[in-house]
Structures are given as C-alpha cells and as structure tokens.
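Asks: My questions will all concern the structure given below.
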Amino acid sequence: MKRFHVVLNAFSDDIEKQISEICGLTEYLLEDVKKGNTFIVGDGKMDEDDKHRLAEMAPTKSVIFVILKNLHTEMILDCLMETMCFGDVYLFGSSSFGQEMAIRLGKRSDGSSATGCQWAALSESIVYVKKQVYSNHMMATFCMENSPFCISAARGLEGAMPKAGKSEKEIKTIDKTKDQYPANLTNTIFEEKKPSGGLQTASFVLVGGRGVKNKAGADALARAAEGIHAEFGASRPVVMNAWAAMDKLIGVSGSMIHPKVCITAGVSGAAALYAGIEKSGFIIAINRDENAPIMRKADVVIVDDCQEVLRALQICMEKERADETQAD
Amino acid sequence: MDQISEEEWASDPANRIDTSYVKKILSCYDESGLEMMLKFSDESGDFGVPVQLDAVTIGRKMNENYLKTLYALGFTEATRIECEKEIQFWPEWTAGILSEFMNQTERYDLVVMGNRSADEENGKVPFLLAEELGWPCISQVVEIIPEDEAHVKVRYEVDNGYCTSVVQLPCILSIGDVPCSFLRVPTLKDRMQKGKKEIHRVKIEDLGISETFEGLQPDLSLVNLEVIDQSRPGVILDGMNAEEKAEKLYQTYLKGRVEL
C-alpha cells in the first residue's frame, strides 16, 4: 500500500495554511493511503517547544525536522532523496517553495509531478489530479502514472486541519547546518513584505479593475473603499501598471479572498482575477459594459460609472450612519 | 485566453481546446524577462561585463514575428526550433528540447524565462530545464543586476518577502510578477535595419528527438476537460441615475451585510 508524506516550510510563518491546503487537496486521497512522514524544514532557531507545537499540527504521526542554515532547495532535495520510497506520494503547499520542490523531486526521482492541484485521488496504482488550466477557464483531470508522485496544492484550498491525536508524535531531527552548502548563492539580504492590509481576512472588499484607467482612478477607488469601510484590492492590470501596490493584487498571482461581500468596479471578469474572488459570499459588479463577463458571474450588477456609484454609495452610508447615531 | 467566448470553451473529443484562431501575444512573464535582459545589457557596460542576448522559441513560423522585433531591439541571435504541432500539457518535452539545444550550442551561461504559460499554468519548464542541465534555478525573479563576469545579482520574491542574492553562473532565472515591465518598442529605423536579420531555424530531429515523439511520454496524461461554471444570478439593479442605484444597492443588498 502506498504511503503519503508531507513537506512543510517552517522558514515561512504560514505552516497552518500549508497544512490546510494539503488537507483540502487530499480529502479523497488519504482514504486508501497509509501515513508516512511529515518533513518540516526550518532553521536552528526552533527550540523544543516550537518543534512540539509544529509536530502537533502535522497530519502524520512521524515528524522529521530538517534543520538548515537557510532555505536551500538542494539540501532539502538531497535529504528527501535519501529517505525516498518509490511508489509513495509527496505533498507540498501552494507556495513557490512547494511548487519548486514538487517539480524537482518528481524529476530527480524519475517520478512525476503536478502543481497547483485542487484535488487528488488514488485508483489502483494511478494517482489522478485536477487543476485549473487555460487561464482558469477549464478544470482538467490528469493521471500520473510514474511514482513517486509529487503534488503541490492550488492556492486558496482549505481543508479540515488534522485533529490533535491522543497518540504521541514520533519526532526525529536531521541537522544539516554543519554540512557543506553549494556556494552558488551568496550575500543574501532579506526584506520582509509589508502585510497586505487585511485583504485575506476582510469581510468587505472593493476590487478595482482596468476600468479605473489610470493611477488617479485607482487612487479615487482606494479612497472610495475607505469611505465605505471596505478593504481595497486590485486586478493584475492595475498592479502591473503600478496604479496600485503589488500587495493589493487579487487573483491567482495574488490574494485569494473570501469576504462576505465583494464589490468589483471596472473589472472585466478575467478568469485569473475571478479565481481570487469566487469564494466571496456575495458579489456586486459595477461596470459600464453590460456584456463584460463579470456581469454573469456576480449576484447583482449595476451598469454605470463605478466612480459615480461608489461616491453615491459612500454618501448613502454616511447618511445612514448619521441617522443611526441620532436615533441612539 | 479571455479572447475566447464562453460558448467556445467546449473541448473536442480529443480533450483539446482550439486556440489556433486566438491572437497570440507574448506572455507577460516572457515580456518582463525580455525587457529585464535589455535593461541588464544596457547596464552591463558600466560594469565592464560583455553581454550577448540571444532568443529562442519553439513553435510555428508565425512566432518569427516576435524574433524580428527582438532583432530590432538589439538581440544578437534569434532561433526558432521548428514545431508546427501544438504541444500542450507536456512541459517535460519542452524542457528536453531546450536542454538538447543548449548542450549542442554550448555558449550560454544565463537563461531567463517566464515562470509559466497562460494555458497550462504549471510553472514546470524552468525547473525541469534546471534539472536537465544540472544548473540552479531561481524563481519569482523581479530584478537582475550585473555583478561581474561570473555572477549576477538577483532580487526574487519568497514566501514572506524578497531576497537579493549574488548568484554564480551558470543559472536559470524564472521571471515572476514585475510591475511596469513592458517590452520597449523598436524604432522604425531599427526595424528596417536590424529586423530583417536572418532567423536561425533548427529541426527537432537535429536535436536527436523524434518528430513523432516516439518513446517519449508526458508526466501527466490528460483524461478530461470541463468548463468551470462560475455563473451567479446577475440581477440587474435599475435606476434613473447613480444615486438611485447606490441607494437601492445599500437598502436591498448591503444593509445588514456590511458594517456602517
């Protein structure tokens, strides 16, 4: 019987998200597959309390910590190849680390790899995966025939976190900090990203699209978002033209959000953006073009100038607020 | 891909979407990579680092239009590896072809490529090529700066920030999301003078790969394609003007859903 293994990146601070993505991917896979190891890759700053906390979250009983000086993919690949079992399934999160590891490990082990997968299942000796293709217009089902099978999750997947079991975790540590590291990457300076202003957790979001036309239009929309107490996000054309900051990007390359309410303004409805907002509870689209694709993908549509509608909405909400305050 | 109408998103029995009529454009990642290399070449003179820019594409004769543009922009050599067949969902094949080409030409120490294509979105070719060549690969690159003849300085996005590192050549750089990195436009004079330079053509068989791909198998075999149904009710909110529509929007749909 095949086993599955999980590889997590503890250099990043989103281990819970990585585990949730992997659990969302493998809801059907894991019924027929035995549990192998969870490899947690991190640095020497992890103390025993950190290790126990992380181990408790791991989906498998056996947890192996791989301690490195820095996030060096060759060192991690060497370590995984040493413990590799052919026929097994290796699971990674959706990040660039997860994708790179899945691809390289699949190639290096003469197995196969699939990235950005939304679903995985096992039938006899074949693993089936589903992922979005053609700019997120279609869902493709593929079969992977060569093992080991290395699969990374799609962004935005959410699965049930493993229940904390009563049985003790079996924890091992592999210390690679004293090893000789390849010297092809040196003088590395790290800059931490500014937090993306709460897009991931906001319950009300306003998303601006190419219809804002320029930086002034994007700034006006950002002010409108502030006026209606919504978080501001933007589509790829807006961000790539530097009309809004990169951390405002929504879609397959940016934030995948799930607010209660999402208003899109001047957004055409391109699949890459829509993938980032499709989990919204309620979508309102404002666009001058009644034939824009977004108009068929929203709950409510307004065919009008988005700046004018949002200005009017702000006034309306301010009046409502004033009336409520007076009534109190 | 967004040029294809919703009615056309119906695959044929062989599980393929016909995109032959869709206007081809450079992927935004490839475009960023090309502009970054031109900028790198512009700056390298100040560092005393000689740079030769070459471009390679695998595909049909119509792709040569882009190569002509690159000649006009100052690229030294442009090569098309001839392939009239549309190859999809087979990144191992693409990486294998590029690897054979590079092994035969033996003159490159830096490869820059976009991190993924619009149709497959697997991001595999740069890493598979790195594995074939035994070279390191840095992904999500947003800036390339000359350092010296044996190194480049690279800024790249990681999970929680950005890193800047000095990278020893040879290496592969896979380009990520780079704001404001549109490919410059050549002048008419450059198009007339340089754009007509001969494009090198290489046959796949010359790289030791069978034209009918005998003996080669992709990692993933396509089993099924389905349209993703994302439709919602799309109730149209009418009104005489923006103010009336905004009022209706708030009173009917937002009140109780959002905080004031």
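The values are calculated or read from the model by the stated rules, or taken from the named source; none is laboratory data. As the structure is a computational prediction, the values presented were derived from the model and not from experiment. We place every Cβ from the backbone using ideal geometry, glycine too, and count neighbours over all the protein chains shown. Accessible surface is based on the protein model in full, side chains and every heavy atom, while ligands, DNA and RNA are left aside. Shrake-Rupley method; radii C 1.70, N 1.55, O 1.52, S 1.80 Å.
Asks: Please enumerate the residues belonging to the range B:184-207 that are open to solvent by 70 Å² or more (accessible area, probe 1.4 Å) and either farther than 21 Å from residue B:26 by Cα or assigned to a loop (DSSP other than H, G, I, E, B) (or both). Reasoning before the result, please.
Replies: Taking the range B:184-207 as the starting set, the residues that turn out to be open to solvent by 70 Å² or more (accessible area, probe 1.4 Å) are B:184-185, B:187-189, B:191-194, B:196-198, B:200-201, B:203, B:205-206.
Answer for the range B:184-207, where residues must be open to solvent by 70 Å² or more (accessible area, probe 1.4 Å) and either farther than 21 Å from residue B:26 by Cα or assigned to a loop (DSSP other than H, G, I, E, B) (or both): B:184, B:185, B:187, B:189, B:192, B:193, B:196, B:197, B:198, B:203, B:205, B:206.
Asks: So which of B:221, B:210 ends up being farther than 30 Å from residue B:141 by Cβ, modelled with pLDDT of 90 or more and polar (S, T, N, Q)?
Replies: Working: B:210 fails: modelled with pLDDT of 90 or more.
Going through B:221, B:210 in turn, the sole match is B:221.
Asks: Let me ask something else. In the list A:84, A:161, A:139, A:101, which residue meets the criterion of being in contact with a helix residue (DSSP H, G or I) (Cβ under 9 Å, 6 or more places away or on another chain), under 30 Å from residue A:274 (Cβ atoms), among the aliphatic types (A, V, I, L, M) and open to solvent by 10 Å² or more (accessible area, probe 1.4 Å)? Lay out the reasoning, then the answer.
Replies: Working: A:84 fails: under 30 Å from residue A:274 (Cβ atoms); A:139 fails: in contact with a helix residue (DSSP H, G or I) (Cβ under 9 Å, 6 or more places away or on another chain); A:101 fails: open to solvent by 10 Å² or more (accessible area, probe 1.4 Å).
Step by step, each of A:84, A:161, A:139, A:101 is checked, and only A:161 is in contact with a helix residue (DSSP H, G or I) (Cβ under 9 Å, 6 or more places away or on another chain), under 30 Å from residue A:274 (Cβ atoms), among the aliphatic types (A, V, I, L, M) and open to solvent by 10 Å² or more (accessible area, probe 1.4 Å).
Asks: Restricting to the range A:50-76, give me the number of residues that are farther than 17 Å from residue A:14 by Cα, open to solvent by less than 20 Å² (accessible area, probe 1.4 Å) and not in a strand (DSSP E or B).
Replies: Selection size over the range A:50-76: 4.
Asks: Please find, within the range A:3-27, the residue that is nearest to residue A:76 (Cα to Cα) out of those that are more than 14 Å from every other protein chain (Cβ to nearest Cβ) and open to solvent by 40 Å² or more (accessible area, probe 1.4 Å).
Replies: My answer is A:3.
Asks: Please verify whether the range A:216-232 includes one or more residues that are part of a loop (DSSP other than H, G, I, E, B), over 17 Å from residue A:286 (Cα atoms), at pLDDT 85 or above and aliphatic (A, V, I, L, M).
Replies: Of all residues in the range A:216-232, those part of a loop (DSSP other than H, G, I, E, B) come to A:228-230.
Next cut, over 17 Å from residue A:286 (Cα atoms) only: A:229.
Retained after the next criterion (residues that are at pLDDT 85 or above): A:229.
Add one more test, that the residue is aliphatic (A, V, I, L, M), and what stays is none.
No, the range A:216-232 has no match at all.
Asks: Given A:288, A:296, which one is within 8 Å of chain B (Cβ to nearest Cβ) and either of a type in the set (D, E, K, R) or open to solvent by 10 Å² or more (accessible area, probe 1.4 Å) (or both)? Can you show your working first?
Replies: Values: A:288 fails: within 8 Å of chain B (Cβ to nearest Cβ).
Criteria check complete, one pass: A:296.
Asks: Ok, one more. Among (1) within 9 Å of chain A (Cβ to nearest Cβ); (2) farther than 22 Å from residue A:104 by Cβ, there is one condition residue B:177 misses while meeting the rest; what is its number?
Replies: With respect to (1) within 9 Å of chain A (Cβ to nearest Cβ); (2) farther than 22 Å from residue A:104 by Cβ, residue B:177 is out only on (2).
Asks: Given the residues A:110, A:43, A:47, which is the only one that is farther than 19 Å from residue B:123 by Cβ, more than 14 Å from chain B (Cβ to nearest Cβ) and open to solvent by 30 Å² or more (accessible area, probe 1.4 Å)? Give the derivation first.
Replies: Numbers: A:110 fails: more than 14 Å from chain B (Cβ to nearest Cβ); A:43 fails: more than 14 Å from chain B (Cβ to nearest Cβ).
Selected residue: A:47, the only one of A:110, A:43, A:47 that is farther than 19 Å from residue B:123 by Cβ, more than 14 Å from chain B (Cβ to nearest Cβ) and open to solvent by 30 Å² or more (accessible area, probe 1.4 Å).
Asks: Given the conditions (1) modelled with pLDDT under 95; (2) surrounded by 14 or more Cβ atoms within 10 Å (Cβ to Cβ); (3) small (Gly, Ala, Ser); (4) over 24 Å from residue B:84 (Cα atoms), which single one is not true for residue B:246?
Replies: The failed condition is (1).
Asks: Among the numbered criteria (1) within 28 Å of residue A:47 (Cβ to Cβ); (2) in the same structural domain as residue A:37 (by TED's automatic domain parsing); (3) at pLDDT 80 or above, which one does residue A:166 miss?
Replies: Every listed condition holds for residue A:166 apart from (3).
Asks: So which residues in the range B:217-229 are surrounded by fewer than 16 Cβ atoms within 10 Å (Cβ to Cβ) and either out of contact with any strand residue (DSSP E or B) (no Cβ under 7 Å at 6 or more places or on another chain) or more than 7 Å from every other protein chain (Cβ to nearest Cβ) (or both)?
Replies: Residues satisfying the conditions are B:217, B:229.
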